[in-house]
């Protein structure tokens, strides 16, 4: 009996390794990918628009063996990005890419290190490890962090044949940088053929200081960052557009929470003060972030621009912002507001000194301002962060037996305990919000202050945080504006985090820069228009968009479009499974439980989808009939019109924002590529 069970566990373990490490070829007989034939996608390689041709080469790779001639020809394209992706896609096809060997060999002499390592990866994957591995090791020692990240990722995808890279990876992993250690360990795991790692000894893994949002010490920016922020003339924003008294604004943010509050209909929740806040103001039922993780989400919110348009889409990167892009509190401060931030920034770029009068865990908030000065204060509450769910505790306030588990999480005592702990943290958060609101009232400011409560992305549990499903991107948003927004009202419009910047500037009577991607929240715009005797309400937004790129040590490339009912997801890396390893994520007991049950072959139903070897190229969900986004409708003829409409909207958006996520990280820093 024991031997039979051991054999089953071994077999299941082998299957898990296959799902996590193998590069699976797509169906060679496939007629089209995302609505176009191979010939149609090939013609788009000639497009003058960079996003179009870069998107095309990734789609071509999904045709499998039949794409080899087109990809081989693309190796001589005049766009470095197309050449890189063509080589990478050929590498993913393994032995089928042998006809491209001579072209790949020529690429080893390319000027671009990024293109060279992509060609080296492909040569290793077709069996010429001796020719490719040295170039990859060269990339692993490169000073550019993007090149380093990609080289380590390529080594991980090669797996056991890259055994000669072990010593270099071990040495690199001892640098002391959490991110470097994790990505080296992932490559070593795949090369050695061992199971996905459980918690590392690293206390904070790749998240930097998750609570404060401080970057890892090794990537702290040089003085060039602050200079870039301080040099721009913002004098045109120094005066408001009218002489009337401007409102105070208080933003209270929470970490890693979905709308699991009583006011959103969650019967398991104990959140009386937030429920009261909603009864005093407006609750937004369809508020979404553009990315399901903190730094990327906050990067877009604070700048009012999609991270893929400014290059800040990769988790734990540190970028220099384009000269015209500012954190919106800079404009508020220039216009005379007292601006403060408490506890966290975490923008994927250093917090601009010009944005805040006070920026620290000890910020005095509004109490540091001069008499009569309007204030803009941000208070970040970290209580509900993913790391706190897995923290040490004895028992839960909420009964785990009554936890309302979604179908994509297995029903076990471990997962129920995590869910109960999450609910407990929401109750603690509610008490902290009460303290802040009580202080505001005690200072006599409640009636003249606009209060916004929001979560930075979805719940920090499996298939929530980091993902583009509603569980990772839908967040609570409550705004109380006494005398302006009707008490207990609800806004069902699609709103997103890009709307925060223009909304806050409009409220402060500050000119809204034309380059921002969001718009003023419709209820706010309508109140302002009403005050000005204008009766032209904003039309409803049709779509909001999202993106997932590198998460810590793991690459992916996913985009999404959502209307009020349907969610469309485009997987540009379908050979990468959902269940890729992320060390920090694996410290969650629920995630460990899922991996254990998968190894033992005990998963069933919707949970199994997470461990499939590949992802579909397209996903389409009816969020009204299927709120947990389990049933993929992309291949159903009756939904073809919706699929086409959503796909077209996503592609238009990518071109409008010049989606830099289609540029591989080793090339992203090149000025020519950052157009």
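The values are calculated or read from the model by the stated rules, or taken from the named source; none is laboratory data. Quantities reported herein were computed from a predicted structural model and do not represent experimental measurements. Cβ atoms come from the backbone with ideal geometry, glycine included; neighbour counts cover every protein chain shown.
Scanning region 152-183 for residues being in a helix (DSSP H, G or I) and modelled with pLDDT under 85 gives a total of 3.
Would you confirm, using the coordinates I've provided, whether residue 453 is at pLDDT 95 or above and either in a strand (DSSP E or B) or more than 22 Å from the chain's Cα centre (by Cα) (or both)?
For residue 453, the condition - at pLDDT 95 or above and either in a strand (DSSP E or B) or more than 22 Å from the chain's Cα centre (by Cα) (or both) - is met.
Taking the criterion of being modelled with pLDDT under 95, assigned to a helix (DSSP H, G or I) and surrounded by fewer than 19 Cβ atoms within 10 Å (Cβ to Cβ), the residues of region 629-675 that qualify are 671, 672, 674.
Residue 615 fulfils the conditions (1) closer than 18 Å to residue 565 by Cβ; (2) crowded, with 18+ Cβ neighbours inside 10 Å; (3) without any contact (Cβ under 8 Å) to a residue 60 or more places away in the chain except for a single criterion, (1). Exactly one residue among 487, 508, 501 is surrounded by fewer than 18 Cβ atoms within 10 Å (Cβ to Cβ) and either in contact (Cβ under 8 Å) with a residue 40 or more places away in the chain or touching a helix residue (DSSP H, G or I) at 6+ places or on another chain (Cβ under 7 Å) (or both), and that residue is 487. Annotation: of all residues in region 422-450 being outside any helix (DSSP H, G or I) and touching a residue at least 24 places away in the same chain (Cβ under 8 Å), the one that is nearest to residue 496 (Cα to Cα) is 450.
Residues are listed down the side, and each one gets a yes or a no for (1) touching a helix residue (DSSP H, G or I) at 6+ places or on another chain (Cβ under 8 Å); (2) assigned to a loop (DSSP other than H, G, I, E, B); (3) surrounded by fewer than 24 Cβ atoms within 10 Å (Cβ to Cβ); (4) in the same structural domain as residue 591 (by TED's automatic domain parsing):
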site	(1), (2), (3), (4)
105	yes, no, yes, yes
143	no, yes, yes, yes
185	no, no, yes, yes
194	no, yes, yes, yes
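The single condition from (1) in the same structural domain as residue 658 (by TED's automatic domain parsing); (2) in contact with a strand residue (DSSP E or B) (Cβ under 7 Å, 6 or more places away or on another chain) that residue 547 fails is (1).
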